[in-house]
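Novice: For reference, the structure I am asking about is given below.
The values are calculated or read from the model by the stated rules, or taken from the named source; none is laboratory data. This one's a predicted model, so the numbers in the text were calculated from it and none came from an experiment. FYI the Cβ positions are ideal-geometry reconstructions off the backbone, even for glycines, and counts take in every protein chain you see.
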């Protein structure tokens, strides 16, 4: 009699439940008798808070797969060594043979510790990390499930923001998720359809951010386009590695003799907008923060992302059950666009952060390259919104002309 | 030879170009020889910045109609009396017979002044206001074009936010557009599918907001659901009519001896979150501001809204050309769900703000009623996302039970 346990960790995504369904459906196909789900990740394991997924109907699983979120519940808890020992003890008490943890590099890290703990106590546990993160920051992967759909949301959001800004021109600054890796912010570039479309400036955490040069670029862009759309990663830092929000907040504090109360609560977009208004004297400056809606928006899911998220779940089960191997499932691109799946050692993924490839960042440091556009395009899925522009001949002026002559 | 002029004013929406296309297509059908579009609303009229829409191909118009934004460009300029006189002079110089202005109550106001100015100078100008606003705050209308699609965006965003918050429980506060009318914030209620779904608290500008009672409700909700999702209109005010963001900012300033620099830039959601953390000591508190993406998101358009936005354009032309009447086109609901169209005097709409009907606001003051849900439901359009929940039996604990006995 074989038993599997599945857990979900970190931020939810639009397709993480596809991976859950993929694991359950494939494990049943391979006759795993018991398939448990841990509620809220490692915390659920520590508390033995399990549900039995063995008898949930397939249509229900498939409907849940199409629903964003993390159906088992997730957690931000980072288990210490003692917690990992406890996790190992709980898994052993329940006779778990296969442990599948769907998550990012933190989850891979936890899994690696649990795996080593199990080996130390001669407990024959197969540990498989199933990749998931909208940040796309797992090493050894061409891309990660969750990224394509979040990128699709950013692209569609920017299509709308660009049309909005064309209608009511001015400066617009949007802050996009991604502390260490700029992949999601970079996606905004794929919203451009015709020359002059925004975003005009893209700032990634992979490049140090200079407020002075930023203001110069905004000023130039306003002169050229009479408007300026800026996409900024939340994680941008200055030359000495300090977060820009901290730098701007600090200078504001100094100016006004300190307001520690609000520190950390002022959004980066608001700080950048205030700086543009103050230094460049531009009137219409608007800021947005694409907050939590970018990772679970239900109506903006990439079909490619969905399929691959399901597939990493299926492959996880095959590696575990057919081959008895532990590791981290990885997506490799074989051509444009085909992928294959691979199993890499847990330590390759754990605690590592992938950032934007050098060839993806433009030389200017405030844009992406065609190579990035080619990379992301197939991941966005099919049926992206079509945007059309009105083009009509100008009418000859009557009053203005006569007053000029 | 007859001439029409079309302009778009105020914030863009997902369907304002449907109204534009509706006017152009119907006016051509009724043999209006020249159809001009003013670039960026009244500013374009003042500058005689017109494009000729008479010969734009119908498929192009239909493609633009499906594109969010404001294809002619919009403006926030509020023309004074002198501007309105200039507008009148420009229209007369171009022999405009029909002036269609697509916009909110500000646009209706401008139109009324222009209309009166034209009458005073015996210029036979027909002025038609075509309703548009995501705020849904035009009097005499059951609802306005633009609202259904923005509401659909809010509903889908809240479906995702709710799933996100179920996965990682805590307090979540989202600020939604609507300074004087709570219709868009109220829409969040339609994201609820099963009992316990968020938003758990909805605060509208139609009710005075008390920070003390708000904190009590959040605390209660955390005790009941172990999480609390709050939807707040940007326009909420305290008992004396002061904006809550100002009230919270002021108290923070007092605490810290003033930081005028940042006043007005700190988002309401951040201020409310800081207050919850400080007063209730809750750890996981997250804020979002559904910014500009809520009004032009291209992938989240209500088909009902699109159809009606086109239709108000068509009806505007019929009132103007077949009946030679000036006024503001209004949508009336005849049954659930059918509408008819009416022409009401400009002064009914101009400068007036419709707010949420009394029967739409729950007695508690922090929710909406079934009457509101019935009102909004048909406007959201077809094929809303389906959300499914995982339900599976709990597994018997082993270690935890034995330690308890």
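Novice: Just to check your reading of the model, which residue among B:306, B:340 is part of a helix (DSSP H, G or I) and either away from every other protein chain (no Cβ under 11 Å) or buried (at least 16 other Cβ atoms within 10 Å of the Cβ) (or both)? Even if it seems obvious, please write down each step before you answer.
Specialist: Numbers: B:340 fails: part of a helix (DSSP H, G or I).
The match here is B:306.
Novice: If you don't mind, there's one more thing I want to ask. Could you list, in sequence order, the residues of the range B:1-43 that are crowded, with 24+ Cβ neighbours inside 10 Å, in contact with a strand residue (DSSP E or B) (Cβ under 8 Å, 6 or more places away or on another chain) and in a helix (DSSP H, G or I)?
Specialist: Hits for the range B:1-43 are B:16, B:17, B:19, B:20, B:23, B:24, B:27, B:41, B:42.
Novice: The conditions are (1) assigned to a loop (DSSP other than H, G, I, E, B); (2) at pLDDT 95 or above; (3) away from every other protein chain (no Cβ under 14 Å); (4) out of contact with any helix residue (DSSP H, G or I) (no Cβ under 6 Å at 6 or more places or on another chain), and residue A:180 fails exactly one of them. Which is it?
Specialist: (2)
Novice: Looking only at the range A:273-293, filter to residues that are facing chain B (nearest Cβ under 9 Å) and in contact with a helix residue (DSSP H, G or I) (Cβ under 8 Å, 6 or more places away or on another chain); which one of those is farthest from residue B:175 (Cα to Cα)?
Specialist: Per the criteria, the residue is A:274.
Novice: Determine which single condition residue A:74 fails, assuming it passes every other condition in (1) under 28 Å from the mean Cα position of the chain (by Cα); (2) modelled with pLDDT of 95 or more; (3) more than 27 Å from residue B:384 (Cβ to Cβ).
Specialist: (3)
Novice: Shifting gears a bit: Check B:174, B:186, B:157 and return the single one that is more than 12 Å from every other protein chain (Cβ to nearest Cβ) and either in a strand (DSSP E or B) or crowded, with 24+ Cβ neighbours inside 10 Å (or both).
Specialist: B:186
Novice: Could you please let me know if residue A:254 is farther than 26 Å from residue A:144 by Cβ, at pLDDT 90 or above and either surrounded by fewer than 16 Cβ atoms within 10 Å (Cβ to Cβ) or within 7 Å of chain B (Cβ to nearest Cβ) (or both)?
Specialist: When the stated conditions are applied, residue A:254 does not pass them.
Novice: Quick one: would you say residue B:87 is outside any loop (DSSP other than H, G, I, E, B) and either closer than 23 Å to residue B:318 by Cβ or touching a residue at least 24 places away in the same chain (Cβ under 8 Å) (or both)?
Specialist: So residue B:87 passes the test.
Novice: Whether any residue in the range A:282-289 is in a helix (DSSP H, G or I) and out of contact with any strand residue (DSSP E or B) (no Cβ under 8 Å at 6 or more places or on another chain) is what I want to check.
Specialist: No, the range A:282-289 contains no residue that is in a helix (DSSP H, G or I) and out of contact with any strand residue (DSSP E or B) (no Cβ under 8 Å at 6 or more places or on another chain).
Novice: Still on this structure, I have one more. Is there a residue being in contact (Cβ under 8 Å) with a residue 12 or more places away in the chain, within 11 Å of chain B (Cβ to nearest Cβ), touching a helix residue (DSSP H, G or I) at 6+ places or on another chain (Cβ under 6 Å) and surrounded by 15 or more Cβ atoms within 10 Å (Cβ to Cβ) anywhere in the range A:386-396?
Specialist: Yes, there is a match, as at least one residue in the range A:386-396 is in contact (Cβ under 8 Å) with a residue 12 or more places away in the chain, within 11 Å of chain B (Cβ to nearest Cβ), touching a helix residue (DSSP H, G or I) at 6+ places or on another chain (Cβ under 6 Å) and surrounded by 15 or more Cβ atoms within 10 Å (Cβ to Cβ).
Novice: Within the range A:276-303, take every residue that is buried (at least 23 other Cβ atoms within 10 Å of the Cβ) and closer than 30 Å to residue A:113 by Cβ and give me the one that is farthest from the chain's Cα centre (by Cα).
Specialist: Step by step, filter the range A:276-303, then rank; the result is A:296.
Novice: Looking at the range A:24-38 only, could you name the residues that are in contact with a helix residue (DSSP H, G or I) (Cβ under 9 Å, 6 or more places away or on another chain) and within 13 Å of chain B (Cβ to nearest Cβ)?
Specialist: Across the range A:24-38, the qualifying residues are A:24, A:35, A:37, A:38.
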